[in-house]
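Okay, so here's the structure we're looking at.
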Amino acid sequence: MPHKIIIDTDPGIDDAMAIAYAIAHPDIELLALTTIFGNVRTHEATRNALALLEHWGATADVAEGESAPVAITANEPGYLVHGRNGFGGVEIAASSRPAHDLDAAQYMIEATRRHPGEITLCAVGPLTNLARALERDPDIVSRVKAVVVMGGAVHRKGNVTPVAEANFWNDPHAADAVLGAGWPLVLAPLDCTMPVLFTPDYMEAVARENPKLGKPLSEMAAAYSRFYRSHLGLGGCVPHDVMAISWLTVPGAFRLQKGALAVIADGPAIGQCIFQPGGTKSRATIFDGRPDHLVMVDTDPALFLADFMAVMTRHAA
Ligand code: BDR
Ligand code: CA
């Protein structure tokens, strides 16, 4: 049975890579993209989601999400990293298809009622929509098959402040609510994403083998890589959001640790994800009553890269 998934996303260059991988994978049924602010504003994320699906001939629903965080004032979108259009300036023609009538949170609620125990929510942007869904219908925790979240940094530093990762920093209250809920959740933090680099040669090979999916991604990656070179001195770009999908299809590429998670919601450490490994105790009361979740703490880059290439090029030639 294919994995039925909903990707909650702020496209975004690495979001586009994750969406392409989900479309290409024979064992994934992409039901919908639900949209959120982060790399761009929410209405821009909806436009980008619809445009990508049309460009790649996919018919998944698109449901628009929240336009502001649960409790803080919205941060500026990540235009510096993803470009003003979210795709590093690469033009993807707009679609005339409208978004779904339901908003993102309601879409998740209704879809999991229709397919109880079957849907995995793959969240690769700020977690506002998932927090709203939990608030409106707490029973959703028992209807999802799983939740996979790209966000946070557990044993390493942040990417927007010394301690915070962008998705959690953009809505720390939502992130804390989602990580504190009793659904089966797997976290894909920077620990598992930063060891992987898409180099220009690698992306050009994807584009050569499968121009339809790969060419726009390779062009976007070139823009994304300029940010990684100038800010981190890296010779490529990090495909963060793909990890949240690859967990379903190539779980052997990741090393896991189990434990309780929480997110700091104010002060200088706002957005920081803190982790207490299972079986250990501390005097931090923040973890009291919190469930243990799985955390992807490291990646085998060779395995991950081989799988991504194989999936993206399987229909080529
Ligand atoms: C996360 O933030 C966004 O910029 C990326 O799309 C990814 O979801 C990485 O910190
Ligand atoms: Ca994202």
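The values are calculated or read from the model by the stated rules, or taken from the named source; none is laboratory data. This one's a predicted model, so the numbers in the text were calculated from it and none came from an experiment. We place every Cβ from the backbone using ideal geometry, glycine too, and count neighbours over all the protein chains shown. Quick note on the areas: whole protein, heavy atoms, side chains included, nothing else; ligands and nucleic acids left out. Shrake-Rupley method; radii C 1.70, N 1.55, O 1.52, S 1.80 Å.
Worth a mention:
- Karplus (6.51, -1.76, 1.60) ³J(HN,Hα), θ = phi - 60°, over segment 107-123, in Hz, Gly and Pro reported as x: 4, 5, 4, 5, 5, 6, 6, 6, 10, x, x, 10, 9, 9, 8, 9, 9
- Straightening the chain between Ala269 and Arg114 buys 51.8 nm, computed as 0.36 nm per residue apart minus the Cα-Cα spacing.
- Around the amide H of Gly38, modelled in the peptide plane, lie the amide H atoms of Gly78, all under 5 Å away and 5 or more residues distant in sequence or on another chain.
- Where trypsin sites (Lys or Arg not before Pro) in DSSP loops with at most 10 other Cβ within 10 Å are excluded, longest remaining stretch of the chain: 1-280
- With the helix formula -39500 (n - 2.57) applied to DSSP H stretches of n ≥ 4, the chain reaches a computed 222 nm mean residue ellipticity of -11500 deg cm²/dmol.
- Evaluating 6.51 cos²θ - 1.76 cosθ + 1.60 at θ = phi - 60° for every residue in segment 15-26, the Karplus couplings come out as 4, 4, 5, 5, 5, 4, 4, 5, 5, 6, 6, x Hz, glycine and proline recorded as x.
- The chain - Rg over Rh from alpha carbon coordinates, Kirkwood radius: 0.93
- Computed accessible area, Trp56, all protein chains, 1.4 angstrom probe, square angstrom: 10 Å²
- Whole-number accessible area per residue in Å² for the chain, which is evaluated in the context of all protein chains at 1.4 Å: 39 Å²
- Normalised contact order of the chain, rounded percent, pairs of Cα under 8 Å and 6 or more residues apart: 19 percent
- Average projected area [Cα convex hull, segment 1-77], square nanometres: 5.1 nm²
- Remark: segment 217-226, residue by residue, has Karplus-estimated 3J(HN,Hα) of 5, 5, 5, 4, 4, 4, 5, 4, 5, 4 Hz, where x stands for each Gly or Pro and the curve is 6.51 cos²θ - 1.76 cosθ + 1.60 at θ = phi - 60°.
- Residues whose amide H falls under 5 Å from that of Val70, counting only those 5 or more places apart or on a different chain, are Ala174, with hydrogens built in the peptide plane.
- Heavy-atom surface analysis with a 1.4 Å probe gives the chain a carbon and sulfur content of 53 percent of its accessible area.
- Residues within the reach of a label modelled at Leu80 (point 7 angstrom out along Cα to beta-carbon, backbone nitrogen below 18 Å), restricted to segment 167-194, are 167-171.
- Label sites at Glu29 and Asp288, each approximated as a point 7 angstrom past Cα along Cα to Cβ, lie 4.4 nm apart.
- Amide hydrogen neighbours beyond the local backbone of Val297, cut-off 5 Å, H modeled: Arg255, Leu256, Gln257
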